[in-house]
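Each reported figure results from applying straightforward, stated rules to the coordinates on display, with no laboratory input. As the structure is a computational prediction, the values presented were derived from the model and not from experiment. All Cβ positions, glycine included, derive from the backbone under ideal geometry; neighbour counts span all protein chains shown.
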Amino acid sequence: MQNTTHSYFKIFKPYGVVSQFTSNDKHAKNKTFLGALGDFPEGTMAIGRLDEPSEGLLLLTTNGAYSYHVNNSGIEKEYYAQVDGLIGVFEILKLQEGVCITSDNKPYRTKPCKVSLLENPPVLPKRAKKIRDERHGPTSWISITLTQGKFRQVRKMTSAVGFPTLRLVRVRIGSHTIGQMQPAEVAQIAVVF
């Protein structure tokens, strides 16, 4: 059932933007928040988060029930991660099976997930801050699809198998994709749940 009394958006969160609308933190004065990227209705919230250096698809809504649904119903979230070095089949299998990371300062084993090597780098907009160039060694791109998301989980997972993440872009949440969106672009979406 579609609820027309609420608003729903997708946004391409750029590198360096904080996934919240405001902060009471006095150290956050020099930060850019989501509210700077558009004129959103009162009560708009981010559904989940992407850490500051991560980019890509973020859903926004005024509907707390929909936010809860997306975060707690096992909806797939797909990420493209550029990792340091040439990742191999062994590490891909370990990521698929689940690896030990820390979450809330406690050991946590990630759930089995979908992971695949991307044969070619994905076509993505250039990042505001340069990653590095080939002089620093080779990199690989992988796709990781999760149904849960702990704080900095993808970064912790790739580090756990010896391949730190250099760039992380969320490209899909359920049926919503980033498509050809550009950083800071906002689009209103229809939602049925």
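Per-structure values
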item	result
Average Cα contact separation per residue, the chain, under 8 Å, 6 or more apart, as relative contact order %	33
For the chain, with +1 on Lys and Arg beta carbons and -1 on Asp and Glu, the positive-most of G64, L124, G149 along the dipole	G149
Region 47-96: trypsin sites (Lys or Arg not before Pro) in DSSP coil with no more than 16 other Cβ atoms inside 10 Å	R49
Volume per residue that the Cα convex hull of region 77-173 spans, once the total is divided by residue count, Å³	107
Q20 long-range amide H proximity, modeled H, under 5 Å	L34
Charged-residue dipole, Cβ positions (Lys, Arg, Asp, Glu), the chain about Cα centre, Debye nearest 20	420
Whole-number percent relative contact order across region 95-193, with pairs defined as alpha carbons under 8 Å at least 6 apart	26
nm² value of the averaged projected area, convex hull over the Cα atoms of region 125-193	6.5
GluC sites (Glu not before Pro) restricted to DSSP loop in region 82-151 with at most 12 other C-beta within 10 Å	E119
Using θ = phi - 60° and Karplus 6.51 cos²θ - 1.76 cosθ + 1.60, couplings along region 10-17 (whole Hz; Gly, Pro as x)	10, 9, 8, 5, x, 3, x, 9
Loop trypsin sites (Lys or Arg not before Pro), region 138-177 (other Cβ atoms within 10 Å of the site Cβ: 16 or fewer; DSSP)	K150
